[in-house]
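As structure tokens, the structure follows; a few thoughts come after it.
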Amino acid sequence: MGTPAADGRFGEFGGRFMPESLVPACLELEAAFTEAWADDAFRDEYARLLRDYGGRPTPVTECTRLSERLGVRVLLKREDLTHTGSHTINNVIGQALLTKRMGKTRVVAETGAGQHGVATATACAMFGLECVVYMGEVDIERQALNVFRMNLLGAEVRPASSGSRTLKDAINEALRDWVATVETTHYCLGSVMGPHPYPWMVRELQRVVGEEAREQCRAVLDGADPDYVVACVGGGSNAAGTFAGFVDTNAKLIGVEPEGGAAIGHGVPGVVHGSKSFLLQDEHGQVLEAHSISAGLDYPGVGPEHAHLSSIGRARYVAAGDAEVLDALQLLARTEGIIPALESAHAVAWVIRAAGTDELPAGSTVMVTLSGRGDKDAEQVMKVLDART
Amino acid sequence: MKLEAHLRERRDAGRKLLVPYVTGGLGDQWTEVLRAMADAGADAIEVGIPFSDPVMDGPTIQEASQRALELGATPAGILGELRGVDVGVPLVAMTYYNIVFRTGHRRFARSLADNGVCGAIVPDVALEELDDWGRAAADASVETVLLAAPVTPDDRLAELCRRSQGFVYAVSVMGITGERQSVAQSAGVLAKRMKAVTDKPVIVGFGISTPDQAVEAAAEADGVVVASALMRLLLDGAAPEQIGDAVAAMRRALDAG
Ligand SMILES: Cc1ncc(COP(=O)(O)O)c(C=O)c1O
């Protein structure tokens, strides 16, 4: 997982399918990030902020009771323990630092679950940047607590009322805002998607997850790497960051998509929001709505590098359904005292389902990135579980 | 019909060019709207092929696209309805790249040509990604119109004008489509910069809402595209003749200068 081709391609995927009005901004961002990422001072400051503000390094936790139950050895990379409660903070601190470096004063972002929005609002507050977050009307309803958090942090949350009124429409609105404000505004995209350089830049800013995890796993596993590395995939940023640390080991890489939003599983190649990747769409090319119990995975596309990793067979993409995700959330809570985000519970759900089968043979060692904590989802989970009984 | 040849001829005769837009599949009279626009003095007509995620569009065109999709509009259906509709001026399809990509470059280009559409505007295909579509379009004799923006640097602007076919589309503002109170100053600046590097027709669009604004926007350019103001009328229930009246008013204003 190195630098993409000059045109932003990972194999046949990626690229920069953007209106002319935004191409100069993408070029500027690419130049700015390339320069910053090669600058030790920038890297040091980024690492310092991740440590002193973000709460890194996060630990790897061995799940003794769950392991015993499943017959596979389960380790969790604990992104739920970061400041604001998910891996999204890693990306946002990096992009906020870059915003400052580019001399811009305003940030726009999109959010699904609200997690990326909260992280962006947090970093903007810390850096003194103006912050506007677009969120689908449906998600605003589902994630009221995160909307309140963003407001507390001084960000303005603007509803996206077009289309399916979820994450993909929030991205459209953020792009529309960016076209009109590009001189002063940075678009802080939340995952490894969008036009070049975003998929590459966001993966680099999440690389810390995989690199820490590899060293920590080696410490736990007497120098060995895990047999399997698993992460949930919405746009795919936590998975990309995780995989980046293990891609040159023998670990099998597994990305878990939501059943109702499995872009690699059920999609076909397409182009939306600036890059070519797998996409849920109808036969005419209209983008379909994704459906998932977790707003953070409710996206009909997937980052282009995942499409590439899938097509060359280096990573495998599977899906988990809402019901087994709820079961997984409860099982992890009861066996380990960790309530995962619904997104992260997808990765756990696959491990539970696959453990002891050919897919994940008994006795294997599996490292799962727990991308976030479940506090934001507690109310929603309560409602769903109540309705079940 | 050849888009650039047609527009050049009219421009060189001293006429300011008027290019109205209609969303394909918006209501069952939309091809009548085309005819009304042509009769009212349009020099070419943009036909929008709706896409679910039109990032460059403001609320009016978004609503028009969404409404057309809800009415069952499809790219093939819209192009099929154009077959045999000869309104006497060139038709230019406007859509987003996923529609082209999903249909297939060659198939999409051929279906444009087969149904009498001689140009294409695909705003999310900028210079860097133009090759595949550009080749397929050229093979089918479809002219691909490129958009220039106020932030486009000089060297890029020259290249873009060189590769654009039919005309060059000057995006008047940094922003999305939609009616505006006044014509942005950036419109004239951009048109002037473009006229300095190309003799292809330069047509300004985005936010041109009234006859006065059309005249103002066409001062430095060769003409204007008018979309949201007309689609607002159509969404509010205007009949084709009323759209024709609105286009005719723009025509008169442009002719009077
Ligand atoms: C906790 C958590 N995990 C995962 C995701 C999915 O994003 P990605 O696939 O980019 O990691 C989100 C998105 O908001 C999230 O909040």
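For the reader, a short list of remarks on this structure follows.
- Between 0 and 90 degrees, the angle of helix A:378-388 with respect to the longest Cα principal axis of chain A falls at about 50 degrees.
- Taking 12 Å as the straight-line reach from the Cα of B:Lys16, the aspartates and glutamates in range (excluding those fewer than 8 positions away in the same chain) are B:Asp43, B:Glu216, B:Glu220, B:Asp222, B:Asp255.
- Built amide H within the under 5 Å cut-off of A:Arg158, gap 5+: A:Val133, A:Tyr134, A:Met135
- Counting, for every residue in B:186-195, the Cβ atoms of other protein chains within 10 Å of its Cβ and taking the mean gives 0.
- Only Lys, Arg (+1) and Asp, Glu (-1) charged, at Cβ; the stretch A:102-250 dipole about Cα centre in debye: 320 debye
- Ellipticity estimate at 222 nm from DSSP helix runs (n ≥ 4, -39,500 (n - 2.57)) divided over chain A, nearest 500: -14000 deg cm²/dmol
- Carbon/sulfur fraction of accessible area - the stretch B:1-159, other protein chains in place, 1.4 Å, %: 46 percent
- Peptide A:174-184 has a mean shielding of 4, counted as Cβ atoms of other protein chains within 10 Å of each residue's Cβ.
- Accessible area per residue, Å², chain B with all protein chains present, probe 1.4 Å: 37 Å²
- Here the accessible area of the stretch A:130-169 is 53 percent carbon and sulfur, with a 1.4 angstrom probe and all protein chains present.
- The stretch A:258-335: equivalent-ellipsoid semi-axes (sqrt of 5 x gyration tensor eigenvalues, Cα, Å): 25, 15, 9
- Residues with amide H under 5 Å from that of A:Ala320, placed H, sequence gap 5 or more: A:Glu257, A:Glu259
- Taking chain A as a whole, the Cys residues whose C-beta sits 4.7 Å or farther from every other Cys C-beta are A:Cys26, A:Cys63, A:Cys188, A:Cys217, A:Cys232.
- Measuring heavy-atom accessible area with a 1.4 angstrom probe and counting protein chains only, the residues of the stretch A:241-273 that give up at least 30 Å² relative to the chain alone are A:Val271.
- Mean Cβ count within 10 Å, highest first, over the residues of peptides A:192-204, B:203-215: A:192-204, B:203-215
- The loop-placed GluC sites (Glu not before Pro) in the stretch A:1-68, going by DSSP, that have at most 14 neighbouring Cβ atoms within 10 Å of their Cβ come out as A:Glu12.
- Fluctuation leader among A:Thr184, A:Thr166, A:Thr365 - chain A, Gaussian network, Cα springs under 10 angstrom: A:Thr184
- Placing +1 on the Cβ of every Lys and Arg and -1 on the Cβ of every Asp and Glu, with nothing else charged, gives the protein assembly as shown a dipole about its Cα centre of roughly 500 debye.
- Ranking of A:Glu305, B:Glu128 by solvent-accessible surface, largest first: B:Glu128, A:Glu305 (1.4 Å probe, protein heavy atoms only, all chains present).
- By accessible area, using a 1.4 Å probe on protein heavy atoms only, the stretch B:204-257 has 49% of its surface on carbon and sulfur.
- Inter-part distance, the stretch A:97-154 to the stretch B:97-153, computed on C-alpha centroids, equals 36 Å.
- For chain A, the longest principal axis of the C-alpha atoms and the axis of helix A:23-37 are separated by about 60°.
- Between B and A, accessible area buried - total, square angstrom, nearest 100, 1.4 angstrom probe: 2900 Å²
- Near A:Leu29: Cβ cut-off under 12 Å, other residues only, Lys/Arg at +1 and Asp/Glu at -1. The net charge is 0.
- Positive minus negative residues near A:Glu20 (Lys, Arg vs Asp, Glu; Cβ under 10 Å): 0
- Summed over qualifying helices (DSSP H, 4 residues or more, each -39500 (n - 2.57)) and divided by its residue number, chain B shows a 222 nm mean residue ellipticity of -14000 deg cm²/dmol.
- Cα-based reach from A:Lys376 at 30 Å (exclusive), listing lysines while leaving out same-chain residues under 8 positions away: A:Lys77, A:Lys100, A:Lys168
- Positive-pole candidate from A:Ala180, A:Gly54, A:Phe13, dipole of chain A, charges at beta carbon: A:Gly54
- Within-12-Å neighbourhood charge of B:His105 [Cβ basis; K, R +1; D, E -1]: +1
- Protection proxy ranking, highest mean first, for peptides A:257-266, B:227-236: A:257-266, B:227-236, where packing is the per-residue count of other beta-carbon atoms within 10 Å, averaged.
- Rounded to 10°, Cα long-axis angle of helix A:198-220 versus longest principal axis of chain A: 30 degrees
- Inter-centroid distance (Cα atoms) of the stretch B:223-257 relative to the stretch A:178-248, Å: 50 Å
- Among B:11-22, A:329-340, A:218-229, the peptide with the highest mean count of other Cβ atoms within 10 Å heads the list, and the full ranking is B:11-22, A:329-340, A:218-229.
- For the peptide B:92-101, the mean number of other protein chain Cβ atoms found within 10 angstrom of a residue's Cβ is 4.
- Solvent-accessible heavy-atom area per residue, rounded to whole Å², over the stretch A:130-270 at 1.4 Å: 30 Å²
The values are calculated or read from the model by the stated rules, or taken from the named source; none is laboratory data. Predicted, not measured: the structure shown is a model, and the values here were computed from it. Glycine gets a Cβ as well: all are built from the backbone with ideal geometry, and neighbour counts include every protein chain shown. Ligands, DNA and RNA are stripped out before the accessible areas are found, and what is left, the full protein with its side chains, is counted by its heavy atoms. Shrake-Rupley method; radii C 1.70, N 1.55, O 1.52, S 1.80 Å.
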